[in-house]
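The values are calculated or read from the model by the stated rules, or taken from the named source; none is laboratory data. As the structure is a computational prediction, the values presented were derived from the model and not from experiment. Every residue, glycine as well, gets a Cβ built from its backbone with ideal geometry; the counts of neighbours run over all protein chains shown. Only protein heavy atoms, including side chains, enter the accessible area calculation; ligands, DNA and RNA are left aside. Shrake-Rupley method; radii C 1.70, N 1.55, O 1.52, S 1.80 Å.
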Amino acid sequence: MFKSDSNRASANSDENSVLILSAAGSVSPVNELNAVNRAALCKSSAVVHVQRNDQLKPEGANRWLIYLVEGSLVLYDGKDEVGTIAAKSKEALQPLFLDKSAYQSAKTHATATVVKFGREQLDILMREQQKNAITVVDVQVTEKDNLIFDSVVEEMKSGKLALASFGETTAKILTSHSQVAGIPQLAEVIQSDPGLALSIVNSANLNDGGIGDSVTSIRGAISRLGVEATQQGIASLLRKNTIVPANEVIERRFRRFIQRTALSTSIVYVLAKSLPDIKAEIASLVALTCDIGELQIITHANKMPELFQEDADLAGVIENLRTILSAWILSAWNFPEEFVHASNVARDWYRNHTGEIGYVDLVTASLLIIQSETPDDQPSSIPSADNLLLARRLVQAGIDLKAPEEIMTQASNRLVSTQSLLKAS
């Protein structure tokens, strides 16, 4: 494949063994293995020291997953230079030559080091792990993570899980919810508050009248509960669950969560309308509930505000626990599998998608568009859509993430329409 100094891990120095183990814990999908299986995979792995001006090509990539761990590589499409990958970048966490249409070779200007993991052994270990465990999550947690997680666990055990509502939105909903005409408009009002929306849907599922099927849209929840009962539930839930942020850090993050979720939900609705096999109402609820774990983290952080005096303190906990808690809550409340799947997978930016476009793909697309068009002033782990496999799959379905202006316009119009239903008190 290329000229290099390559040695198997079993014959490597301690330094190379550490390099392999470190890579195994960070690169995808190797890092999805538990510690025991990662160690087993590392025994048959190899470190490759790539010399100056050496060229790498994808021959052999069917047998190996190859990752850049030191230095940098220049990428070529034929003779044309198309980009550069640097070690420890987000791109370097994915295998080289995963998408052969993006580039066909890579070359060093100086030196670089790559690690190779056996594809077949990884597949075997992954299948065995999935057979023996429901889910394996390996997260490095902090003391603050543990305090929030324990607080959520205690609330879950009590059976009194509360999803907080934001005061500004609460006032508008309480004024308008009994005045809107018809189920579609009432659904829009409810959707403006993620915690309220999830609680209403959960109430409908608990009062299924023996039907057994979970509702998958807010309109469906209203139909099952009845308009009058829904309106009564709205008032009761908001008065019980509305919180006052205890400091500016928590208020900023709460406001950011509400705004991002509203825009994501609106974008997903717009995208779903262009796909005949996707139901827009279901897609909206998937987007609305996907990050519900973040709302729980904010809610419980508000109980211990002295620990969250800096934006980075709360952001770190959210980054570590958002996915775990979202999936847990949706599963505990018996939401359909596509909802749980979306919460687990939507932020796996580099996943290899080969099937039909699904609800989770639209959620991922919405988050990529938001980051591209209205980026946060805080550091973000969301990458550019450039060279993402999902972005190319969406283009085939008629959705171009590199030209999102019309999508954003339609989504913004939907938000304006919703705001017109919310009359300030």
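Yes/no per residue for (1) of a type outside the set (A, V, I, L, M, F, W, C); (2) open to solvent by 30 Å² or more (accessible area, probe 1.4 Å); (3) within 22 Å of L206 (Cα to Cα):
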position: L288; (1), (2), (3): no, no, yes
position: F308; (1), (2), (3): no, no, no
position: A315; (1), (2), (3): no, yes, no
position: I324; (1), (2), (3): no, yes, no
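Contact map, region 332-345: first residue open to solvent by 50 Å² or more (accessible area, probe 1.4 Å), second residue assigned to a loop (DSSP other than H, G, I, E, B), Cβ cut-off under 6 Å, separation 6 or more or different chains; pairs are N334/S214. Anything in region 385-403 that is modelled with pLDDT of 80 or more, outside any helix (DSSP H, G or I), out of contact with any Asp or Glu (no Cβ under 8 Å at 6 or more places or on another chain) and open to solvent by 30 Å² or more (accessible area, probe 1.4 Å)? List them, or say none. Across region 385-403, the qualifying residues are A397, G398, D400, A403. From the list I298, I282, the one residue that fits, being open to solvent by 10 Å² or more (accessible area, probe 1.4 Å), within 30 Å of Q410 (Cβ to Cβ) and either in a helix (DSSP H, G or I) or touching an Asp or Glu at 6+ places or on another chain (Cβ under 8 Å) (or both), is I282. Pick from region 326-339 the residues that are of a type outside the set (A, V, I, L, M, F, W, C) and in a helix (DSSP H, G or I): which of them is nearest to S203 (Cα to Cα)? Filtering region 326-339 for residues that are of a type outside the set (A, V, I, L, M, F, W, C) and in a helix (DSSP H, G or I), the one nearest to S203 (Cα to Cα) comes out as S331. For region 46-83, which residues satisfy the criterion of being at pLDDT below 90, of a type in the set (S, T, N, Q) and under 22 Å from S28 (Cβ atoms)? Within region 46-83, just N62 meets the criteria.
Taking the listed residues E306, E319, the one that is within 12 Å of the chain's Cα centre (by Cα) and not in a loop (DSSP other than H, G, I, E, B) is E319, with no other qualifying. If the condition is being open to solvent by less than 50 Å² (accessible area, probe 1.4 Å), in a loop (DSSP other than H, G, I, E, B) and of a type in the set (S, T, N, Q), then region 35-81 contributes S44, S45. Which residues, counting only those in region 85-113, are over 28 Å from the mean Cα position of the chain (by Cα) and not in a loop (DSSP other than H, G, I, E, B)? Answer for region 85-113, where residues must be over 28 Å from the mean Cα position of the chain (by Cα) and not in a loop (DSSP other than H, G, I, E, B): S105, A106, K107, A112, T113.
Taken over region 359-375, residues that are in a loop (DSSP other than H, G, I, E, B) and either open to solvent by 70 Å² or more (accessible area, probe 1.4 Å) or under 19 Å from I292 (Cβ atoms) (or both) amount to 1.
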